[in-house]
Amino acid sequence: MSSFEITGVPIDELNIFLAGAHPDPFRILGPHRVGDDLVVRVFRPDAKEVSIVAHRKAEQRFAADRLRPEGFFQATLPGMKRDIDYHVHLTSWDESAALVRDPYSYGLIMGEMDLHLFAEGNHLRLYDQFGAHLRKIGDTEGVYFAVWAPNAQRVSVVGDFNGWDGRVNPMRRLLGSGVWELFLPDVNEGAHYKFEIRTPRGALLLKADPFGFFSQHGQETSSMVYNLDRYKWSDDDWMKARPAQRLQTSPISIYEVHLGSWRRKADEKNRALSYLELSETLIPYVVEMGYTHIELMPIAEHPFEGSWGYQVTNYYAPTSRLGSPDECRHFIDQCHQAGIGVIMDWVPAHFPKDIHALAEFDGTDLYEHADPRQGEHQDWGTLIFNFGRNEVRNFLIGNALFWLEKYHIDG
């Protein structure tokens, strides 16, 4: 019997996939032509039974065979075309059932121009493409994930929606770019996730999203899906007047503040004030004292509180210690409505070695220098960005533009 007769793929290649080392899951999973028929392959270790429902019609339901005990299924749809509209019906071991879209039925999503601009370091809206974005494709809502990991053998999205199992949702590698992408139907806002990365040497890393918009803090380090398009700003007057401001010749008085330290609640275990509480207390104080601007010491997510925010791990997420991204934007919005400009300390000079973050992101010195004489701050024990790499420069330039646009930061 030929190794192609059962599954349509070589057995050794299937074994590589089941071992979590295959670089192209779309070659294995999803719809494929086999002779005059269409086969749909699904890998769901949590499923007892799988079937394919075509055209949302119960009478066009095709049972899938479990070809491997690990949870690899294949259904044959006689005479069907590859672009058929289908769902996957899953029956779990507890007999619960679900009808879902197949993530491996979608074509390429990120455009060639986006990849080209990123590769040359000139994508000015990088944050619109990378990270986790709530998106609707066709009639299906879900989350689109994209990450840069050019030296990885395999990258998967893992989270509370798939049992943190890196075998379930491996991503598509976009050849020549080092970018990996995947659209996961039915994943919702608030989902916790990371990227599981198989390094060139076969080690597995769990990495937070470099472009994540919301993150846990402290010892909990997952990224969280967040909708940045929901907030309604009320600082139109300030934003329209901002381009005409002559800051070089105007009097400026700046109040520099570490939000996590300002007027802590001593009677509540000395906790920090939230973004919402700071809106009601810090802003009136700054106005009363006659300041024109607030300078925020770093507010991007960081694990070590003793760094005062100067050892950033999540450059696109305001720290969740004080609240949500929208609550942070509310604070800035209120500053502007009170006539107060907002400046933030931005930290592109170095980043910490925390294993969940940027350090050796894909198992290699990706964001940092390989040579420690170039790439490490000896005094701080932190790593220095490799500014000679186009993608790294673009990551940082995009980040500065992100805070200016999405958070209305003034400088």
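Bear in mind these aren't lab numbers, they're just calculated from the coordinates by the rules spelled out. Since this is a predicted model, take the numbers as computed values, not measurements. Please note: Cβ atoms are built from the backbone with ideal geometry, for glycine as well, and neighbour counts cover all protein chains shown.
Return a yes/no flag: does segment 313-334 have any residue that is buried (at least 20 other Cβ atoms within 10 Å of the Cβ), aliphatic (A, V, I, L, M), over 30 Å from L204 (Cα atoms) and under 23 Å from the mean Cα position of the chain (by Cα).
yes
When only residues in segment 377-393 that are charged (D, E, K, R) and surrounded by 14 or more Cβ atoms within 10 Å (Cβ to Cβ) count, which is farthest from G178 (Cα to Cα)?
R393
Mind checking which residues of segment 20-49 are farther than 16 Å from R101 by Cα and without any contact (Cβ under 8 Å) to a residue 40 or more places away in the chain?
Hits for segment 20-49 are R27, I28, G35.
Suppose we keep only residues that are among the aliphatic types (A, V, I, L, M) and over 15 Å from the mean Cα position of the chain (by Cα) within segment 161-201. Which one would you say is surrounded by the fewest Cβ atoms within 10 Å (Cβ to Cβ)? I'd like the intermediate steps shown before the answer.
So in segment 161-201, the residues among the aliphatic types (A, V, I, L, M) come out as 168, 171, 174-175, 179, 182, 184, 187, 191, 197.
Still in the list and also over 15 Å from the mean Cα position of the chain (by Cα): 168, 174-175.
On the way: V168: 21, L174: 18, L175: 10.
Here the residue is L175.
Count, please, the residues in segment 52-94 that happen to be of a type in the set (G, A, S) and either over 21 Å from P25 (Cβ atoms) or surrounded by fewer than 19 Cβ atoms within 10 Å (Cβ to Cβ) (or both). Before the answer, list the steps.
Quick first cut of segment 52-94, residues of a type in the set (G, A, S) only: 54, 58, 63-64, 71, 75, 79, 92.
From the residues that got through so far, the ones that are either over 21 Å from P25 (Cβ atoms) or surrounded by fewer than 19 Cβ atoms within 10 Å (Cβ to Cβ) (or both) too are 54, 58, 63, 79, 92.
Of the residues in segment 52-94, 5 are of a type in the set (G, A, S) and either over 21 Å from P25 (Cβ atoms) or surrounded by fewer than 19 Cβ atoms within 10 Å (Cβ to Cβ) (or both).
Hey, does segment 255-262 have a residue that's in a strand (DSSP E or B) and either more than 22 Å from S324 (Cβ to Cβ) or among the aromatic types (F, W, Y) (or both)?
Looking through segment 255-262, at least one residue is in a strand (DSSP E or B) and either more than 22 Å from S324 (Cβ to Cβ) or among the aromatic types (F, W, Y) (or both).
Take segment 20-37 and flag every residue that is of a type in the set (G, A, S) and more than 25 Å from the chain's Cα centre (by Cα).
Filtering segment 20-37 down to residues of a type in the set (G, A, S) leaves 20-21, 30, 35.
Matches in segment 20-37: G35 only.
Kindly evaluate I137 against the criterion of being β-branched (V, I, T) and in contact (Cβ under 8 Å) with a residue 60 or more places away in the chain.
On the way: β-branched (V, I, T): yes; in contact (Cβ under 8 Å) with a residue 60 or more places away in the chain: no.
When the stated conditions are applied, I137 does not pass them.
I'd like to know if segment 188-197 contains one or more residues that are among the small types (G, A, S) and touching a Lys or Arg at 6+ places or on another chain (Cβ under 9 Å).
No, segment 188-197 has no match at all.
Filter segment 107-123 down to the residues that are assigned to a loop (DSSP other than H, G, I, E, B) and among the aliphatic types (A, V, I, L, M), then identify the one that is surrounded by the fewest Cβ atoms within 10 Å (Cβ to Cβ).
Result: L108.
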